[in-house]
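Inspection log for the structure reproduced underneath, given as structure tokens.
The values are calculated or read from the model by the stated rules, or taken from the named source; none is laboratory data. Just so it is clear, the structure is predicted and the values come from calculations on it, not from any experiment. Note: ideal-geometry Cβ built from the backbone for every residue, glycine included; neighbour counts use all protein chains shown. Protein only, heavy atoms only, side chains kept; ligands, DNA and RNA dropped before computing areas. Shrake-Rupley method; radii C 1.70, N 1.55, O 1.52, S 1.80 Å.
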Amino acid sequence: MPVASLMVPAQRVPQLIAKALRQQLLPRPTLSAPLLGKRKIKCLTLNVLASPVPFNRMEDQRLRCLLGQIKEERYDVVAFQELAERHWYGVKRKKEYINFVHSLRDLGYVHHVAGPAPRLGAPLDGGTAIFSRHPIVSSSLHPWERQVSWDSFASKGVVQALLEVAPPPEVVEEVEAQAAQHLGFVPMLPEPAKLHVVTLHAQASHAGWQNTAGEDRYRRTRLEQMRQLTQVLREEAKDGEAVLAFGDFNFDARDLAELALHQSQFTAGTGRRSPPLDVIATTFNGDHPATFGLRDEFGNPLETFLTTKSLYATEQCLDHVYFWPAEPGAAGYQEQPVGALGLERVSSQGYVHSEPRCKLEICPYTGPPSRTGRRPTQVSDHYGWSVEFDLAWRLRWAVSPSSMEGHASSLPSAMFPRQRENWLPDDWLPREDPLHLRLRGILEDRPHCSSAWTARQTSSPLPSAVHALQRMWQWVQKSTHKPVLA
């Protein structure tokens, strides 16, 4: 195409030709998907023993101590079991429940879901709840389809919540910095990370005078509940986002046979491509520390004030933590970048960046003693688990390979030529410019083309620059047989 047909000022001709040469001879500009930043998430699960059971003592004082630990640790999410609201009995304890919920709200846990609600045949609420500092965009309650013995009086089950966690301010600041470094490209704003949080309270194995059904029946019921859990996950987490499930599973993970039997019920059928990560086993190299009925170094029970005597020092791990990572296709799933720009499978949504790890939370009781002078050693008959992991955000550009056609890289070029001793006839294309280096390599390989570039500078450098670039442009057109300027 003749240069004259460009219909642009003469001063712009060298720049337009150089732009065409740059597109033809240099690699396409590439963009990276750097890690913008992370946000640490910390969750707590605990059976708080705030329900109508025989050894529920000093509930109000224990819950106040628990609030102190929550305030100090600043968890992002807290999940409770046996936090009964008491809909139709115990006016005083219902007031304590309301005060506890209001106190959590004052600490920043303004989003919560609790239940399941009482129903026919189960007059007590489920006592299972999730409190979050981050928005809950959807939630669901799933009462167990089958319960036996004392459990059947409460509407126990599964509570599910889909959380959205916003990126921290430094992530947004990094996006702005990247945009300033890559003029001409538009970064996408980071989107909140999404995470399904699931907590549950499964069928208990009652002991002593409370054992009315027998261990075999308790186990069969609990196995049915584990299968129901898979249905809940398949229905409520079908978007493929990551799932954190924890709570009082009520089977002893320290008994390897029980562990394998129960886990086999929810490792398949969830719609996930892989079984969950047993976070406790991963954290403790295959072990499952006890969360109930612990002993001291002399073999004596540590907790006797809130625990049934027949369960002293049984050392069971009844509270569990499981994690399913995001599935391929979910917005929170991160693959290694692929494709021409290396960006096609990078999501602007936050994602779980590290495997969750957990820590045993004793939650010691620090309040006053009871009227008899006794006091609990901890706020519940159970220990809890705190779970930590990182969320992260990567930079995604609002650009596809097809939309890159016609874009030049944002390399510097001067607007007007300046005279300087140079092997090129003008100085508007700097020596360090990749196009400068590429053209020099071409001329060294093809000496017959170099006459256009070795002309001496004249008093007006613009004509010689135009002439030189015209000659090189013609050579590129003949060599590639593809037009680069439309």
Exercise. Residue-wise, which Karplus ³J(HN,Hα) couplings in Hz belong to the range 358-368, taking 6.51 cos²θ - 1.76 cosθ + 1.60, θ = phi - 60°, and x for glycine or proline?
Worked result: 10, 9, 5, 10, 6, 6, x, 8, 10, x, x
Problem set entry | Ordering of 280-286, 56-62 by packing [mean C-beta count within 10 Å, highest first] | 56-62, 280-286
Exercise. Which order do Arg146, Arg273 take when ranked by solvent-accessible area (1.4 Å probe, heavy atoms of all protein chains), largest first?
Worked result: Arg273, Arg146
For this session: Report the relative contact order of the range 198-342, percent, no decimals, based on alpha-carbon pairs under 8 angstrom and at least 6 residues apart.
Result: 29 percent
Problem set entry | Distance between modelled label sites at Glu258 and Leu277, nm, 7 Å Cα→Cβ extension | 2.6 nm
Problem set entry | Within straight-line cross-link reach of Lys38, aspartates and glutamates at Cα separation under 12 Å, skipping those fewer than 8 residues along the same chain | Glu170, Glu174, Asp390
Exercise. How are the C-alpha pair distances of the range 111-169 spread across 5 Å bins, as whole percents from the shortest bin up?
Worked result: 4, 20, 24, 17, 13, 9, 6, 3, 2, 1, 0
For this session: Note down the nm distance, to one decimal, between modelled labels 7 Å out along Cα→Cβ at Leu35 and at Asp390.
Result: 0.4 nm
Exercise. Within the range 63-113, which chymotrypsin sites (Phe, Trp or Tyr not before Pro) sit in a loop by DSSP and count at most 15 neighbouring Cβ atoms inside 10 Å?
Worked result: Trp88, Tyr89
Exercise. What ranking, highest mean first, results for peptides 302-309, 36-43, 121-128 when packing means the other Cβ atoms within 10 Å averaged over each residue?
Worked result: 121-128, 36-43, 302-309
Problem set entry | Accessible area of His262 in the full protein assembly, 1.4 Å probe (Å², nearest 10) | 0 Å²
Seminar exercise, completed: At R0 = 45 Å the Cβ-Cβ FRET efficiency linking Met188 and Phe298, nearest 0.05, sits at 0.15
Problem set entry | R0 of 35 Å, Cβ-Cβ distance Arg119-Ser354: FRET efficiency to nearest 0.05 | 0.30
Exercise. Do the alpha carbons of any pairs in Lys40/Lys194; Lys40/Lys359; Lys94/Lys309; Lys42/Lys194; Lys92/Lys359 sit beyond 22 Å of each other, and which pairs?
Worked result: Lys94/Lys309; Lys92/Lys359
Seminar exercise, completed: Mean accessible area per residue over the range 230-382 (1.4 angstrom probe, all protein chains present, square angstrom) is 45 Å²
Seminar exercise, completed: Under 5 Å from the placed amide H of Arg295, counting only residues 5+ away or on other chains, we find Leu302
Seminar exercise, completed: With a 1.4 angstrom probe the carbon and sulfur portion of accessible area for the range 145-192, in percent, totals 60 percent
Seminar exercise, completed: By accessible area (1.4 Å), largest first, Ile98, Ile136 order as Ile98, Ile136
For this session: Sticking with the crude label model, points 7 Å out along Cα→Cβ, report the distance from Ala177 to Glu235 in nm, one decimal please.
Result: 4.7 nm
